[in-house]
Every structure is written in structure tokens, then in C-alpha cells.
There are 2 protein chains.
Amino acid sequence: MNQNKILLDHGSGGLATKKLIEEFFLSRLNNPVLSRMEDSAVLYLPADKVAFTTDSFVIDPIFFPGGDIGSLSVHGTVNDLAMQGAKPKFLSLGIIMEEGLELKVVERIAESISRAVKEADVLIAAADTKVVGKGQADKIFINTSGIGILPNNINLGIDKASPGDKIIVSGFIGDHGSSILLARSELPFETEILSDSAPLNRLVEKVFQAVPADSIRLLRDPTRGGLATVLNEISEGSRVKIEISEDLIPIRPEVKSVCELLGLDPLYLANEGKCVAVVDAKYADKVVNTMHKSDEGKYAAIIGTVVEKTDDFPLVLLKTRIGGKRIVPLLSGEPLPRIC
Amino acid sequence: MNQNKILLDHGSGGLATKKLIEEFFLSRLNNPVLSRMEDSAVLYLPADKVAFTTDSFVIDPIFFPGGDIGSLSVHGTVNDLAMQGAKPKFLSLGIIMEEGLELKVVERIAESISRAVKEADVLIAAADTKVVGKGQADKIFINTSGIGILPNNINLGIDKASPGDKIIVSGFIGDHGSSILLARSELPFETEILSDSAPLNRLVEKVFQAVPADSIRLLRDPTRGGLATVLNEISEGSRVKIEISEDLIPIRPEVKSVCELLGLDPLYLANEGKCVAVVDAKYADKVVNTMHKSDEGKYAAIIGTVVEKTDDFPLVLLKTRIGGKRIVPLLSGEPLPRIC
């Protein structure tokens, strides 16, 4: 009975666990490292410097327009590595499932992870599955950690933005956040908004091929908390004042409509396939032009400037369309739970 | 209101998330890598070969005699690295919390992680926190991934057990499993059983200092699924028949009593501070004697032998106290959910 659902036994570490892993995951993610099934994977890393990151994904709903929790959990960690200028190489996969989850859902997610991993050119090197009782988790949570190789000449940092540098975003902002909000709501919207969930490692690699490594001060992906949060982190990390212009920020008309309807600010909406780059002004156009040549960066734009050093009052200012200026504060309150 | 509990806002990625991370985690886990708060950590790894592993912890109850989910999630991953012969260096920490979890619980767990990390001599290099709504997770789940440095002369493998090798366990088995079962039950047991949750990296290091690296064929920690599962994995991985003797396996009398009472087999109970070593017979005594000099290995014992190569019928045999032999199968059914 219940052969088509996740049972507690699938988390016991015994025969059922073994079968689940072999049938659903090993068959799709198979590679020489993972299939050894050791307690830990042995990796050959021809580098002195590596990047390491972790992220847990608890998104609701688990399937959404443009992606699902499986692809998202690959993209999220690949992008965190790419934002350090690293070449993503190995991911780990920690899956927590709720008893009663349908096996065909597990299969669909495993399939999606497998596709995302191939697209981003990384290997799942280590994996773990756990099962908790019905009502003790909401369907499925996924943690991915990642290791990337960091070229010796790349040395990005949240403290490296300096006056004169340009702020670039790689495309439309707010797609992921508004897609999820719409998927959750019962609003009678005719147009579906697709999440922008995508790997950014290729785009970043192309940028570093096009301009000197030290002309890129730092990269960040504006996920949870959105563009506003990332810009605040940069202004605080580098102790600078940043000024951006509302009319330069690429936002899709349908995202604007959703935001107006729901009373949300697109600057705070999550993105899962966009990066913010702080770049030496001399190379800003070249970076944008390079991005434009990729699907992921087709709508890249310079949206602002690092204005001045300020030890006491780091802040982000927005020049509004009607000519005023307002402070863009760090998000407080107004949670959008489980957006990633 | 509710200032003493986890709120959805703590997972928003904004101000509340920042405060939570700074107050509870950064203050305790502070180190030059983590405190940079980049999207990914930059690590210097002076090694060609590294070990990489991941594990999610969903244990219930989160506090138990001898440990808690915080210390367990450090020990579990440190041990998975040590079982590969690697020196654990960096961990990541992915925390999923349920709305309404008391902040003093978060604080106690952060404190425990901090102590465990110091004891095992590793750094938390990357961290992530997520919050899900009330009833969407059971209190707190923790994922840790880990990176360890692997000396070039160490090359362990599940396929390396060969006839004549001795099977060693580093101490009493079944402590963790019976501790958790007892903590969950309402049995009027007078003696409390402590979980054996502990880091094994120091013990492993001492063993490798005492004997030639290639005399250790492989190491495994018998966590979920217990000793029986690990021995089955070894017999299958190396295509060998393994024979162990019931009267040589170290089991505490109180663990035996609990097992008899609950109708459980201690061979299948989880351990969180024990290792199984398959060792060249010539060096088996030396390994056991080396283990005896450490607290973690005080009760180490040789419990059996790899008997013969067998491509078709890898299996584990138990010589019982009364002189018979029985097959020790892979666990099927009888789940002990959320034991780690």
C-alpha cells in the first residue's frame, strides 16, 4: 500500500532509502563521484582558492511558472558561487521530504535537478535524503551547498565599491517574486509571469573574458530582499552612498502592474537569475554590451553610480521619475515568506 | 509582541534576518571567513584532494541526553569527512526554522553549534537561515555540508575490504539510537542513556599516525541503520563475506535492556560517535590499542573478519553466542524516524 508515496521507511537509512536514492536520484545524477556512495566525496580541485556556499530552499509552491524547487536549488547555489567570480564545480544536495509526498513529485523534481545541473555544468558530488512525518514539513525542502574554483586574479568583495563606479543590473528585476506571488494568489491575471530562475555562471564568465578582472568590484544576486537589499548591503559593506535612477531600472510592465495591484515595491522582490555588478566606470559599457549578447543578460542596464565615500551614513538613494530623491531603506517587516 | 519567538519576518532576507544572524550566529561563530557575509566564502585550501559531504538533521527531540540538534549537526558532518581520512576544515550551516520557535531555543542551539565547532577544530564558513510558517516544519532542521583536506597517501574506499582484514568498532554501539528512543518514550527507565554524539576526527588522526595509511582499508560511521547497515554496505561494496561475533560486539547493558524491552536489535540502532574500521589484520591490534588511548575509542574492539571474496553473494554473518550463525540483512521496514 502507498507504493506511490514517500513513507517514513524511505528515511530509515536501510533498504527503502537505498532504493529511493538509486531509483530517483542516482539514475539521473549519476557521475563517478556520487556513485561511489561514500560517506564523503573525494574531489580533485586544481586550485589554491575555492568559493564555498550554502542555501536552503523552502519555496511555496514547489512548482511555479518558469521553474520548481529542484531547478531553483541548483541555480541559487550556482549563482552564489558565480557572484564571487568562481567557476561552480560541485554541489551537494540535502533533501528533506514529508511523509506522503507523491513519488511522481519526487521524480519530477529529481528530473529538474538533473537538467539544471547539466545546464550549469556542475556535478552533484554528495547527497542526503531525510523523511519526516506527515505535517512535520511542507512537502519538500532542499539544501544545496557548492564549491567553485576561484581564479587567482579574481578578488571581489562587498567592500570594494568606490566613488565613480557604475551599478549594473543584468536584466528585468522582480520577475521571480511577482511570479510566486501571482502563483499563490487567486488574482484573475491573464498574463502569467515566469520566474527568472537561471544559472548565471556563463554570463559571469563572459564578463570576465571581456574586461580586466579588477574592473569588476563585486557581483551580487538580488534574491530574497531584492535589489534594494543588495544595494543596501553594498553601501554598508563599502561605506558609500549609492544613487540609482528609477527610470533606468528594467522592470517588465506586467511586474509593475502586479506590484501596483498588491501594493508592493519591485525593488524588494526576489530575483533568481539576475546579478548586480559594481564596475569601474571605464568598463561599464563594455560589461553591459557583453551581457546583451547572452540570453541571461539581454536587458542589462546601468542603473546608477557610487556617488561618494561616507563612513557615517552609507545609504541608497533613488532618483524618482518625477525628479525627487528618496532613501531606499533595508527591508523591515512586510515578509514574503518562502519566496526561495 | 512575540519578540521572543521566530517570526516569518526573520526569514525575509531584510533587517530582521540580518539582526537574527548577527545576534545569534555571527556573535558565536565569528571568524574571518564567515563575517565577510559574502554570497560565498573564499577558502584557501592547500591540497589537491578534498573530501566533501552533506547531511540534513531532523532529529526529534531537538534536545536529548548527551547532545542536541546543533552539536549533532556538527559531529555528523565532521565524522563523514573523517571517515574518508580527511581533516575536516570548513562547514556550512543551513537552518530552517518554524515560525513561533522560541528565540531562547535558537540561542541554545547556536551556543551548542559554537562549542561543537571549537571542539572539532573546524570553521563555519557559510550559513543560511530560512523561516517557514507555523506547522510547515517541526521546530528546526539543520543541514551541514563540510570540506576536509585529504592527505595524498590516504585512499580509503568501500571497495577495499579484502579477505583476512579485521573489522573494528571504536566502542559501544546503539547508544544514540536507544537514547533517542528512550527520550521519546514514556518508559519508566531509571537510567538515562546518553547519546554518543561526538567528533571522531581526532581519533582517526591518531590511528593514521600509528599505522601505515594503506593498512586502513576503509572507515564508516554507523549512523542511521546502525552497524548492520554499514557492514552490509561494506560487504556489497567490496563483494565479500563478513563474519562478526555477537560476543565481541561492545554493547552497554542498559542498551541491551532497552532493546529487549522494545524488541529492537542493537545492530540496527544509530550511532553518532562511533566508527567501523576495516584494517589489515597485521595492524588490527595496534589500531585497537591506539583507539583505547582516546576517550572516543576507550572501548574499541575487533568484532570480526572479512572471510572471503564472493562476487555473487556478499553477505554479513553473525556468530551467535550459542554457537549458531545467522545472516544480518539490510534493514527493511521498522523505521525509526528522525533519529538524526
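Look at segment B:304-317: where a residue is within 17 Å of B:L330 (Cα to Cα) and a partner is open to solvent by 40 Å² or more (accessible area, probe 1.4 Å) and among the β-branched types (V, I, T), sitting 6+ places away or on another chain with Cβ atoms under 8 Å, you get B:L315/B:I327; B:V316/B:I327; B:L317/B:V307; B:L317/B:I327. Taking the condition of a type in the set (S, T, Y), crowded, with 24+ Cβ neighbours inside 10 Å, within 7 Å of chain A (Cβ to nearest Cβ) and under 30 Å from A:G157 (Cβ atoms), does B:T77 pass? Considered against the rule, which asks whether it is of a type in the set (S, T, Y), crowded, with 24+ Cβ neighbours inside 10 Å, within 7 Å of chain A (Cβ to nearest Cβ) and under 30 Å from A:G157 (Cβ atoms), B:T77 comes out as no.
With at pLDDT below 95, within 27 Å of A:I59 (Cα to Cα) and touching a Pro at 6+ places or on another chain (Cβ under 8 Å) as the only criterion, which of B:L26, B:L8, B:L34, B:L20 stands out? The conditions single out B:L8. Of all residues in segment B:214-246, those satisfying the criterion of being more than 22 Å from the chain's Cα centre (by Cα) and open to solvent by 10 Å² or more (accessible area, probe 1.4 Å) are B:D214, B:R239, B:K241, B:E243, B:S245, B:E246.
Regarding segment B:62-73, can at least one residue be identified that is over 20 Å from B:L218 (Cα atoms) and either out of contact with any helix residue (DSSP H, G or I) (no Cβ under 8 Å at 6 or more places or on another chain) or facing chain A (nearest Cβ under 9 Å) (or both)? Scanning segment B:62-73 turns up at least one residue that is over 20 Å from B:L218 (Cα atoms) and either out of contact with any helix residue (DSSP H, G or I) (no Cβ under 8 Å at 6 or more places or on another chain) or facing chain A (nearest Cβ under 9 Å) (or both). Of all the listed residues (B:D295, B:D280, B:D247), the sole one being away from chain A (no Cβ under 14 Å) and closer than 17 Å to B:L218 by Cβ is B:D280.
For segment B:220-247, which residues satisfy the criterion of being farther than 20 Å from B:G177 by Cβ and not acidic (D, E)? B:S235, B:G237, B:S238, B:R239, B:V240, B:K241, B:I242, B:S245 - these are the residues of segment B:220-247 that are farther than 20 Å from B:G177 by Cβ and not acidic (D, E). The strands (runs of 3 or more DSSP E) located wholly in segment A:265-330 that include 1 or more residues which are of a type outside the set (S, T, N, Q) and open to solvent by less than 30 Å² (accessible area, probe 1.4 Å) occupy A:276-279, A:301-309, A:315-319.
The set of residues in segment A:11-36 being under 23 Å from B:R338 (Cβ atoms), more than 7 Å from chain B (Cβ to nearest Cβ) and in contact (Cβ under 8 Å) with a residue 12 or more places away in the chain consists of A:T17, A:L20, A:I21, A:F24, A:F25.
Taking the listed residues A:V316, A:V307, A:V328, the one that is of a type in the set (V, I, T), within 30 Å of B:G100 (Cα to Cα) and over 21 Å from the mean Cα position of the chain (by Cα) is A:V328, with no other qualifying.
Whenever a residue of segment A:239-267 is farther than 26 Å from A:V278 by Cα and touching a residue at least 12 places away in the same chain (Cβ under 8 Å), its partners that are open to solvent by 60 Å² or more (accessible area, probe 1.4 Å) and polar (S, T, N, Q), lying with C-beta atoms within less than 7 angstrom and at least six residues away or across chains, give the pairs A:E254/A:T191. If you go through segment B:9-64 and pick out every residue that is of a type in the set (K, R) and either in a loop (DSSP other than H, G, I, E, B) or buried (at least 22 other Cβ atoms within 10 Å of the Cβ) (or both), you end up with 1. Quick one: would you say A:A110 is in a helix (DSSP H, G or I) and either assigned by TED's automatic domain parsing to the domain that holds A:I216 or modelled with pLDDT of 95 or more (or both)? In short, yes.
Looking only at segment B:85-131, residues that are open to solvent by 20 Å² or more (accessible area, probe 1.4 Å) and of a type in the set (V, I, T) come to 1 in all. Screening A:C259 against (1) buried (at least 17 other Cβ atoms within 10 Å of the Cβ); (2) more than 16 Å from B:D39 (Cα to Cα); (3) modelled with pLDDT under 95; (4) within 14 Å of chain B (Cβ to nearest Cβ) leaves a single unmet condition, (4).
The set of residues in segment A:48-96 being of a type in the set (D, E) and either touching an Asp or Glu at 6+ places or on another chain (Cβ under 8 Å) or not assigned by TED's automatic domain parsing to the domain that holds A:V132 (or both) consists of A:D55, A:D60, A:D80. Looking at segment B:154-165, can you tell me whether even one residue there is more than 22 Å from the chain's Cα centre (by Cα) and either within 13 Å of chain A (Cβ to nearest Cβ) or crowded, with 17+ Cβ neighbours inside 10 Å (or both)? Yes, there is a match, as at least one residue in segment B:154-165 is more than 22 Å from the chain's Cα centre (by Cα) and either within 13 Å of chain A (Cβ to nearest Cβ) or crowded, with 17+ Cβ neighbours inside 10 Å (or both).
So A:D138 ticks every box in (1) in contact with a Lys or Arg (Cβ under 9 Å, 6 or more places away or on another chain); (2) of a type outside the set (V, I, T); (3) more than 7 Å from every other protein chain (Cβ to nearest Cβ) but one. Which box is left unticked? Status for A:D138: all satisfied but (3). In segment B:173-202, the residue that is least open to solvent (accessible area, probe 1.4 Å) out of those that are assigned to a loop (DSSP other than H, G, I, E, B) and over 22 Å from B:S294 (Cα atoms) is B:S185.
In segment B:93-104 there is at least one residue matching the filter, namely being assigned to a helix (DSSP H, G or I) and touching a Phe, Trp or Tyr at 6+ places or on another chain (Cβ under 9 Å).
The values are calculated or read from the model by the stated rules, or taken from the named source; none is laboratory data. As the structure is a computational prediction, the values presented were derived from the model and not from experiment. Here the Cβ is made from the backbone with ideal geometry for all residues, glycine too, and neighbour counts use every protein chain on show. The accessibility values were calculated without ligands, DNA or RNA, using every heavy atom of the protein model including side chains. Shrake-Rupley method; radii C 1.70, N 1.55, O 1.52, S 1.80 Å.
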